[in-house]
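The next block holds one structure in the form of structure tokens; read it before the comments.
The values are calculated or read from the model by the stated rules, or taken from the named source; none is laboratory data. As the structure is a computational prediction, the values presented were derived from the model and not from experiment. Note that we place each Cβ from the backbone using ideal geometry, even for glycine, and neighbour counts take in every protein chain shown. Accessible surface areas use protein heavy atoms only, side chains included; no ligands, DNA or RNA. Shrake-Rupley method; radii C 1.70, N 1.55, O 1.52, S 1.80 Å.
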Amino acid sequence: LNSELLTFIANSSDGSDAVLQPGRIVLVTAARKYGIVRAPAMILAVEFSSAGTSSNDGGTKLVESLICMVLLPETYTGDEGKTGPSETKTLSVGEVGSSKQRYYGIYKIKLDQILLVTATKKKIEPNLLYTSKKSGQTGGGHAHGHAASAFFGAKPVARSVEDPFAGMMARSKNKKNDDDVFFGKKKTNGPSSSSESAIESAMGTLLDAEQQEKALKTDLLDLMDYLKRGNDIVELRRRGSMIDELVVQARCYQSHSHPNIEKYYTVLERIHTLQERVQALSHLLSNESLQLFPDFLCKKAALKTLGYLDENEAVAVKGRVACEVNTCESLIVTEMVFEGILNELEPTEIVAALSSLVYQQKSDDDEFDVEIPETLLNCCQRMKTIAMNLGQLQKEHGLDVDPIDYTESSLKFGLVHVVYEWAIGVPFSEITQLTTAQEGSIVRCITRLDELCREVRNCARVVGNPTLYRKMEAASTSIKRDIVFAASLYVS
């Protein structure tokens, strides 16, 4: 919960600099990575992601992590691989040092590792507390800095030919000071003393914060003051209130102040991590991870409503009929069979009506011709009603289906008149004059129509309708003639 609030505040334009600014004391928890639990840490620097670094034109800043000086537990004994020299000096990220008889580390802390943000804030100079790898060596004298920069390719100090001694430092009148510098003795007023005092001051602040947390008197920063604008401001404020309640509850338990809390917390964090991984893998193996699974559930509910599935999700008779249709929209054909629309038509009219299901191209001939029989015209109107009802039912069950688009994509009446004339025996040369469609489209529609007639005949057999079975055989015979079904030279 706290990481979500900090992510919102840190990446917003209001208050992000005031909350996570250098010198702020926070309580961090990273038991498995650093072995710390509710450890006081001082923010030294804020790192931004490469995609969100602030620019001159006011680009958005995306906080990636924080460079913090973290007070390590009293049980920490030091690590030879990470611990720096015994003397106090500025460290880089990942190193461990000591001051005031306690160890501290310079760590990179993610936002989700910040447990609480305190109201304590100290004015610091980050370059005295840690060394950034990008800035190179620090803490040396000016002469050493110039020598190093010249060695690594920087532009050396230009000397004039007329003045060969230009750029050289004058020898001090105090011989003792020069001898101390020459023989490597440390000055009392040099940069190292400033760094040492800054580290000791920061350690004193962290030790005070540790004592306040042990006494349960840590003054926390009210993050609600920085939640003023945003789309999810209500939800974030609710979570902020939950954090306050959880802090009060946590401080009521004795385990909150257990001396070996780091040891037990590491085990619990490992268990929690494994449990989250098990849940993630279980989700990937379950049906919920399938992208089309929600659509599958919606379609199954729609099929139950239409009667294609029974209460036990077994395939009903209507479902078996729909399985016989593969050429076109099976739902429309099944509803036509069960409503008995085709029983009232002649074979030539049946094949003309079914042509609207297999014709794919959209044309200007979708309007019904006055020359077709009235029974065929009524059948086409009922087919549009069935398609509209099916589209509306699918939409009500959560599918992304528009009833009008579903009807227009499933039914195209451009060749109804053409197929009817062909079924009653009109020559092919004359039916081509009745439409603007290409001859190849007409032939393809009629050949597919023959396949659909066989599928509807099988539907009649499953239902047990001998009348429709015989009519579909007659309809298939009426269109199988002449050039449309002539043997192709490329096949035979």
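Okay, here's what the table says:
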| item | result |
| --- | --- |
| Length gained when the stretch Glu473-Arg320 is fully extended (0.36 nm per residue, less Cα-Cα span) | 53.0 nm |
| Segment Ser49-Thr305, length gained on full extension (0.36 nm per residue, minus Cα span) | 87.0 nm |
| Total formal charge among the other residues, if their Cβ is under 11 angstrom from that of Leu303, Lys/Arg +1 and Asp/Glu -1 | +2 |
| Two-site label geometry, Glu200 and Gln275: point separation in nm, points 7 Å out along Cα→Cβ | 4.7 nm |
| Mean accessible surface per residue for the stretch 374-453, computed with a 1.4 Å probe while every protein chain stays in place, in Å² | 47 Å² |
| Cβ-Cβ FRET estimate between Glu339 and Ser429, R0 fixed at 35 Å, reported to 0.05 | 0.40 |
| Mean accessible surface per residue for the stretch 306-368, computed with a 1.4 Å probe while every protein chain stays in place, in Å² | 46 Å² |
| Rounded FRET efficiency, nearest 0.05, which uses the C-beta distance separating Lys110 from Leu268 and R0 of 25 Å | 0.85 |
| Segment Thr375-Lys123, length gained on full extension (0.36 nm per residue, minus Cα span) | 81.6 nm |
| Mean separation of Cα contacts under 8 Å (6+ apart) over length of the stretch 436-492, as relative contact order % | 36 percent |
| Rounded percent of accessible protein surface that carbon and sulfur make up, the stretch 361-492, 1.4 Å probe | 49 percent |
| Whether the stretch 272-353 is rounded, prolate or oblate, judged on the alpha carbon gyration tensor where a/c under 1.5 counts as rounded | prolate |
| Ratio of the Cα radius of gyration of the stretch 341-430 to 2.2 N^0.38 Å, where N counts its residues | 1.17 |
| Point-to-point label distance, Asn458-Lys33, nm (Cα→Cβ direction, 7 Å offset) | 6.1 nm |
| Farthest toward positive dipole pole in the stretch 436-492 [+1 Lys/Arg, -1 Asp/Glu at C-beta], among Ala487, Ala475, Cys445 | Ala475 |
| Å³ per residue enclosed by the Cα convex hull of the stretch 253-320 | 147 Å³ |
